[in-house]
1. So how strong a dipole does the range 306-372 carry about its Cα centre when Lys and Arg Cβ are +1 and Asp and Glu Cβ are -1, to the nearest 20 debye?
2. Given only helices, namely DSSP H runs of n ≥ 4 each adding -39500 (n - 2.57), what is the per-residue ellipticity at 222 nm of the chain, to the nearest 500 deg cm²/dmol?
3. Putting +1 on Lys and Arg Cβ atoms and -1 on Asp and Glu Cβ atoms, find which of 173, 119, 144 reaches farthest to the positive end of the dipole of the range 107-192.
4. State, as an integer percentage, the relative contact order of the chain based on alpha-carbon contacts under 8 Å between residues 6 or more apart.
5. Could you look at the chain and say what percent of its accessible area is carbon and sulfur, using a 1.4 Å probe and all protein chains?
6. Quick one: helix 270-279 against the long Cα principal axis of the chain, what's the angle to the nearest 10°, folded into 0 to 90?
7. Given H placed 1.01 Å from N in the peptide plane, which residues other than close sequence neighbours of residue 261 have an amide H under 5 Å from its amide H?
8. Can you list the HN-Hα couplings for the range 174-189, worked out from phi with the Karplus curve (6.51, -1.76, 1.60; θ = phi - 60°), rounded to whole Hz and with x for Gly and Pro?
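The values are calculated or read from the model by the stated rules, or taken from the named source; none is laboratory data. Every value quoted in this text rests on a predicted model; they were computed, and no experiment measured them. Every residue, glycine among them, receives a Cβ derived from its backbone with ideal geometry; neighbour counts consider all protein chains shown. What goes into the accessible areas is simple: the full protein's heavy atoms, side chains included, and nothing from ligands, DNA or RNA. Shrake-Rupley method; radii C 1.70, N 1.55, O 1.52, S 1.80 Å.
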Amino acid sequence: MENQTLMQYFEWYLPNDGQHWNRLAEDAPNLASKGIRKVWMPPAFKATSSNDVGYGVYDLFDLGEFDQKGTIRTKYGFKEDYLKAIQTLKANGIEPMADVVLNHKAAADCKERFTVVEVDPNDRTKVLSEPFEIKGWTKFTFPGRNKAYNDFKWHWYHFTGTDYDAKNNKSGIYLIQGDNKGWADDELVDNENGNYDYLMYADIDFKHPEVIQNLYDWAHWFIETTGVQGFRLDAVKHIDSFFMKNFIRDITEKYGDDFYVFGEFWNGDETANNDYLESIDYRFDLVDVKLHQNFFDASKSGADFDLRTIFDHTLAKNHPESAVTFVDNHDTQRGQALESTVEEWFKPAAYALMLLREAGLPCVFYGDYYGISGEFAQESFQDVLDKLLDIRLNLAYGEQTDYFDDANCIGWTRQGKDDGQPIAVVVSNDQASSKRMLVGPEWASKEFSDYLGKISQIVTIDEEGWGEFPVEEKSVSVWSVK
């Protein structure tokens, strides 16, 4: 079976030119040739403005079609551009995946009066006030869409909390009061800040039957309108896991197990990830936050980091069948909320550790592939990524043997397809070094060269099938038959 590779086709600072869907459609044949078989597209829904990256979602039923929030198009283009990009990806053998933002709604159309209590931002289970009335931005009527596709209107009682009291011009975290109100049960959301149900804007109440019905109505409309073949779920640690488990169960029952779903559960704790996967019955995969954190720590610590521990406590190690691995993304890039950008010197090694191993579905970040411009600029790693993607597509198969026996130099081999050839990968975070590894006696006397071109010398395999594979200082090399 061919290796699968996912690409996150956006970064935070893309230009607000409405051309991104068109760029993606044009790029589809190139992506397919690199072995990209799934593309995670940015949020396609009308948000707070045309410059919104997409996470300040206003209207899930507006894909860049209606004049709302001062714009018809989204940051990425018009609805027809989005649909064309999806069709073009599919025509090139790539599964289009939608970034689905269900946790909150932003930029309401009207204010409403309702009763709240203020809670401690650092412990949302701690109430700071008696109940009192506020004016909150919670009424969504979508006048620009004028009931097209769906006539549901959102009111204060469809939300659990909000962050602004217009009556007193005061920001805070306000827990909405009323029948069957309150944050999600503690065991159904992340326990950071006591109970991390509330993240931002108007926080959706997944216990409300009208909310549940509307989200199901939307999901069926959206999938059938667009033809997307998967979801990336935003901010799932803030969303009632009981709802999310059932929601994805019902979607995959209707659209098939091939409808691929993974969630952003932003928590590097091993136990929390194990518990969450169990709570959702493993119905969707999770991004491997701990692996990213290990990459980041390794890049910051240099030779002080023990490379033998690079996979410790990760999903790639504990639940490889449920892990979406990544080096960086739109939240970890410089200047963003979860900034933890892997240092440039270590990125090629991090991508090799992700792309050339058995565990997980690896995700290549647009910003790493194409570079990032502006204040938080980053170079492009397209040259080395193209080589690693080619190795992943054609060579990185078969039995994997690890040589994780040195804190500063690790390696592994893959035996290749039945009719293929092996590879030997070596990573150093300190001085130039080498790793003696077995590729098999059938390769005796064969010459291996560094596919990445970092080292010009040749390695000749001995009669027992072993080779001494070198690597430069703070570098990575991938050796295969010359």
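1. Details: 5 positive and 10 negative charges, 25 e Å.
Result for the range 306-372 is approximately 120 debye, rounded to the nearest 20.
2. Details: 10 runs with 114 residues, N = 482.
Value at 222 nm, helices only, nearest 500: -7000 deg cm²/dmol.
3. 144
4. Working: 1082 pairs, mean separation 52.6, N = 482.
Rounded, it is 11 percent for the chain.
5. About 44 percent, which is the carbon plus sulfur part of the accessible surface.
6. 60 degrees
7. Counting only residues 5 or more places away or on other chains, the set is 231, 285.
8. 10, 8, 6, 9, x, 4, 6, 9, x, 4, 4, 3, 3, 6, 9, 9
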